[in-house]
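First comes the structure, then the notes that go with it.
The values are calculated or read from the model by the stated rules, or taken from the named source; none is laboratory data. Owing to the predicted nature of the structure, the values given are computational and were not obtained by experimental measurement. Here the Cβ positions follow ideal geometry from the backbone for every residue, glycine too, while neighbour counts run over all protein chains shown.
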Amino acid sequence: METPPDLPRLQRRTVAVLGSGTALSGLGVTIGITLGGLLARDVAGSDSASGLGQTAGVLGSAVLAVPLARISDRSGRRAGLAVGFGIAVAGAVLTVLAAELDSLPLLLAGLFAFGAATACALQARYAAADLAAPERRGRDLSMVVWATTVGSVLGPNLAGPGADLGVSLGLPALGGGFALSAVVFLLVAVLFLVLLRPDPLLLARQLRGAGAAPAGRPRQATRAALAAVWADPGGRLGLTAVVVSHAVMVGVMVMTPVHMGHAGGPEGTTLRLIGVVISVHVAGMYLFSPLVGWLADRVGRRAVVALAAALLLAAAALSGTAGPADAGQLGAGLLLLGLGWSCGLVAGSTLVTEAVGPEQRPTAQGGTDLLMGLGAALAGVVGGPLLAWGGYGLVATVSAALVLPLVAALLLGRAGARPSPSAAAVVAPEQHEHQQHADGDADLQDRVEGR
């Protein structure tokens, strides 16, 4: 009889590898977040175009999420993540070339491909749930989100040194940071190719006796998977939480560096202040995610989603009333913005994962990230014109209005809300197994334990 794998050990190793890769990738991604809008503004010559750079990256993350999820569905998480970071390397190189040639179309194309790194970082959180026990799913998922803290907090502060590097290499100052990102993404791609073994998704399917995914999914597979998520009350709330949280976060965050750029003063000093504020924001996004995951498992996903809505509204109010030179108030507002995003993403992603069976999860997860990215892209593309027409306060006001659908989903979905796995397991184990999709999760545990 074949010896079953030590699932807890494999899960710890998988989370460690995923966390290491996302920590490193966060360094490259946040350099792009900090500099993308500024570079688009410089190339286009207007503030109203500043949102185009970030929007291109967000749109790239959204559109590329589906094909990368399909690669993962067919060949495993390792292949999907490695291909995605390879695309991001090409995007970073293309962005540097666009800065050199002062070409806006080339810049937008490069930032679009650069968005693959964000798509991969987001899909890595789902990979952490493939082998996770249901009652630990939120925590394991949140640990990969948390790992991004290291690189993401350091990344914005490399904007200044990156500019110096660009000048020393004979490149435009803002292009230097993207050269650093290209090197980082290449290292991450190699790390996942070498160390993410065994592949968590393929092993989970093997243990469930599901076998490999079909070579080609139906063309409407993503739509069908999203329909299945939407049909589940918890999935509907989770999908809304993920989309709204990300759109609000992007809507406020991408315009903050441009808003602060209006304060005047030496460019180097301004860049460093922007880097500090964005670092505080990124710390809010990732640093407390293990606590968020623990709360999602302990007190319930719905309660954490409600907390997300409250934090996002508070963040918009605090940030929107800050002037360009009010770095302290902007930092506090963006800290709350990051915390709200973390609550919405972790709890919402867990709800989406639990809303469908294991064979449909990669497709549903890719579709969720597509909608999440499209919502954020829309928020980013209108951010520049809103900033030009009514200032940063108008950007924050419109972003706050985006929270209303999440509030409505919370109010309307109360009757269909499900208890957290830990609480449900204590009250009614049989009901809990049904709620956690007995189509595979319980069977996997039985196989691992040799029953």
Filter the stretch 270-303 down to the residues that are over 15 Å from the mean Cα position of the chain (by Cα), over 9 Å from Ser142 (Cβ atoms) and of a type in the set (Gly, Ala, Ser), then identify the one that is surrounded by the fewest Cβ atoms within 10 Å (Cβ to Cβ). Ala303
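Which ranges mark the helices (runs of 4 or more DSSP H) fully within the stretch 141-216 that have 1 or more residues being at pLDDT 90 or above?
The qualifying helices (runs of 4 or more DSSP H) are 175-195, 200-208.
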Kindly provide the set of residues from the stretch 395-412 that are buried (at least 18 other Cβ atoms within 10 Å of the Cβ) and either part of a helix (DSSP H, G or I) or small (Gly, Ala, Ser) (or both), ordered by number. Val395, Ala396, Val398, Ser399, Ala400, Leu406, Ala409, Leu410
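Say we look at the stretch 83-116 and pick out the residues that are of a type in the set (Gly, Ala, Ser) and in contact with a Gly (Cβ under 6 Å, 6 or more places away or on another chain); which of these is surrounded by the fewest Cβ atoms within 10 Å (Cβ to Cβ)?
Ala113
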Scan the stretch 409-432 and tell me whether some residue there is closer than 28 Å to Pro67 by Cα and either among the polar types (S, T, N, Q) or at pLDDT 90 or above (or both). no
Hits in the stretch 75-124 - residues which are closer than 21 Å to Val15 by Cα and over 20 Å from the mean Cα position of the chain (by Cα): Ser75
Evaluate the stretch 320-334: report whether one residue or more is buried (at least 23 other Cβ atoms within 10 Å of the Cβ) and within 18 Å of the chain's Cα centre (by Cα). yes
For residues in the stretch 336-392 being surrounded by 23 or more Cβ atoms within 10 Å (Cβ to Cβ), small (Gly, Ala, Ser) and over 24 Å from Val229 (Cβ atoms), which is farthest from the chain's Cα centre (by Cα)? Gly384
Test Gly19 against the stated conditions and say whether it is in a helix (DSSP H, G or I), under 21 Å from the mean Cα position of the chain (by Cα) and surrounded by 24 or more Cβ atoms within 10 Å (Cβ to Cβ). no
Take Ala364 and tell me if it is within 16 Å of Thr222 (Cα to Cα), of a type in the set (A, V, I, L, M, F, W, C) and touching a Gly at 6+ places or on another chain (Cβ under 7 Å). no
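Looking at Leu27, is it under 22 Å from Ala247 (Cα atoms), modelled with pLDDT under 80 and either buried (at least 19 other Cβ atoms within 10 Å of the Cβ) or touching a helix residue (DSSP H, G or I) at 6+ places or on another chain (Cβ under 6 Å) (or both)?
When the stated conditions are applied, Leu27 does not pass them.
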